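The values are calculated or read from the model by the stated rules, or taken from the named source; none is laboratory data. Model, not experiment: these values are computed from the prediction. Positions of Cβ are generated from backbone atoms using ideal geometry, with glycine treated the same way; all protein chains shown enter the neighbour counts. Heads up: the accessible areas ignore ligands, DNA and RNA and are worked out on the full protein's heavy atoms, side chains in. Shrake-Rupley method; radii C 1.70, N 1.55, O 1.52, S 1.80 Å.
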Amino acid sequence: MIKHGIMTLQRHIMEQERKFPMATGEFSGLMSDLAVAAKILARSVNKAGLIDVLGFTGDENIFGEEVKKLDILANETIIHALDHSGHLCVMASEESDGLIEIPDYHPVGKYVMLFDPLDGSSNIDVNISIGTIFSIFRRVTPSGKGTLADVLQQGNQQVAAGYVLYGSSTMFVYSTGQGLHGFTYDPSIGEFLLSNEDMKIPEHGPYYSINEGYYHRWSEGMRRYVSYLKEEDPATGRPYSLRYIGSLVADFHRNLLYGGIFLYPTDTLHPKGKLRLLYEANSLAFLVEQAGGLATDGVRRILDIQPEDLGHRVPLIIGSKKDVELAMDFLRES
Ligand code: AHG
Ligand code: MN
Ligand code: MN
């Protein structure tokens, strides 16, 4: 229930920052720039079929994946919306090789931003929800341009995280560690308006989300867990329904609102998991914990994993608290 008339994203960010007496306004400035980038991206995504941004570029990214034109457009849009602002000292992105430095002719600031410019690339050309995921940290180096040390921080050091979901409407969902809040874009006034205040994820079910085509590549424990979810037992709400879009951010968003679990475990093809700690897992882990859920790699809390390099991959099990705890029990026993 919304208690305060129209709450724009802008106003919300300012009110959250005002709770910190030492705040300089720099953080609000950064988030405002991000919101502008989100609006530009929403426009590009919505027009994707009309402008020449569908299909592949012919290149591979640092993870050896084929790059879509919209991946690159989104990457450049975010970089150019933020590099001149004076709020950031360095950025890193799933679609950029190495660190994204702030150019010499722009000032540097105290924040670090990591992002997946477009998550769910395989869904771009078929009009299915995709998203942008971001994490913001405070720098750990004292001054000048940011370095790898600023970027390779544990997720528990995030000062904010969020995502933009380009779905049947565009949503901006974020947290600064004071609850998780969702805003829906109203294109007629060009504003994100508070639509989901202080979101909480249900304690369990009814959905599970996993690429079940890889069943034969999973560990024994993972197979047993998924078989368990399919058993008939109305007392525990089973069988769970399978929902898997293939855009992490969209699968996450649905499970956040309705309850359930998303899993991208290790398998014989992805011995370290597929998803990226810095650009995908950390952000969503921070958000799910704000909503009362959990995120683990099967053993460790995602937010406590020390990133080894920019491309660090992790298995990801994320969602409703009871579901994640039970999945960990099954994996431990295997
Ligand atoms: P990205 O488009 O940023 O490369 O991420 C794709 C990810 C994630 O969004 C999704 O959950 C997963 O890859 C799907 O992988 P599979 O096709 O192997 O299921
Ligand atoms: Mn992704
Ligand atoms: Mn991506």
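Taking the condition in contact (Cβ under 8 Å) with a residue 60 or more places away in the chain, hydroxyl-bearing (Ser, Thr, Tyr) and open to solvent by 20 Å² or more (accessible area, probe 1.4 Å), does Ser219 pass?
So Ser219 passes the test.
If we only count strands (runs of 3 or more DSSP E) wholly inside segment 149-190, which ones have 2 or more residues that are within 26 Å of Glu101 (Cα to Cα)?
158-166, 170-175
Does segment 139-153 include one or more residues that are open to solvent by less than 50 Å² (accessible area, probe 1.4 Å), β-branched (Val, Ile, Thr) and either under 22 Å from Ile317 (Cβ atoms) or assigned by TED's automatic domain parsing to the domain that holds Ile78 (or both)?
Within segment 139-153 (the criterion being open to solvent by less than 50 Å² (accessible area, probe 1.4 Å), β-branched (Val, Ile, Thr) and either under 22 Å from Ile317 (Cβ atoms) or assigned by TED's automatic domain parsing to the domain that holds Ile78 (or both)), the answer is yes, since at least one residue qualifies.
Look through Asp186, Asp198 and report the one residue that is of a type in the set (Asp, Glu) and over 24 Å from Ala291 (Cα atoms).
Every option except Asp186 fails the conditions.
So which of Ser195, Ser241 ends up being open to solvent by 40 Å² or more (accessible area, probe 1.4 Å), touching a Ser or Thr at 6+ places or on another chain (Cβ under 8 Å), hydroxyl-bearing (Ser, Thr, Tyr) and more than 16 Å from ligand 3 (Cβ to nearest atom)?
None of the other options fit; the residue is Ser195.
Name the single residue that is farthest from Glu15 (Cα to Cα) among those in segment 160-188 being among the hydrophobic types (A, V, I, L, M, F, W, C) and open to solvent by less than 10 Å² (accessible area, probe 1.4 Å).
Restricting to residues being among the hydrophobic types (A, V, I, L, M, F, W, C) and open to solvent by less than 10 Å² (accessible area, probe 1.4 Å), the top hit is Val164.
Would you be able to tell me the number of residues in segment 295-313 that are of a type outside the set (A, V, I, L, M), assigned to a loop (DSSP other than H, G, I, E, B) and in contact (Cβ under 8 Å) with a residue 24 or more places away in the chain?
Within segment 295-313, residues that are of a type outside the set (A, V, I, L, M), assigned to a loop (DSSP other than H, G, I, E, B) and in contact (Cβ under 8 Å) with a residue 24 or more places away in the chain number 8.
For residues that are under 18 Å from Tyr264 (Cβ atoms) and either touching a residue at least 60 places away in the same chain (Cβ under 8 Å) or open to solvent by less than 20 Å² (accessible area, probe 1.4 Å) (or both), tally how many sit in segment 316-331.
11
Could you please tell me which pairs satisfy a Cβ distance under 6 Å, a separation of 6+ or placement on different chains, a first residue in segment 90-111 that is within 27 Å of Asp59 (Cβ to Cβ), and a second residue that is open to solvent by 60 Å² or more (accessible area, probe 1.4 Å) and within 16 Å of ligand 3 (Cβ to nearest atom)?
Asp97/Ile62
Could you please find all residues in segment 234-253 being over 23 Å from Met171 (Cβ atoms) and of a type in the set (Val, Ile, Thr)?
Thr236
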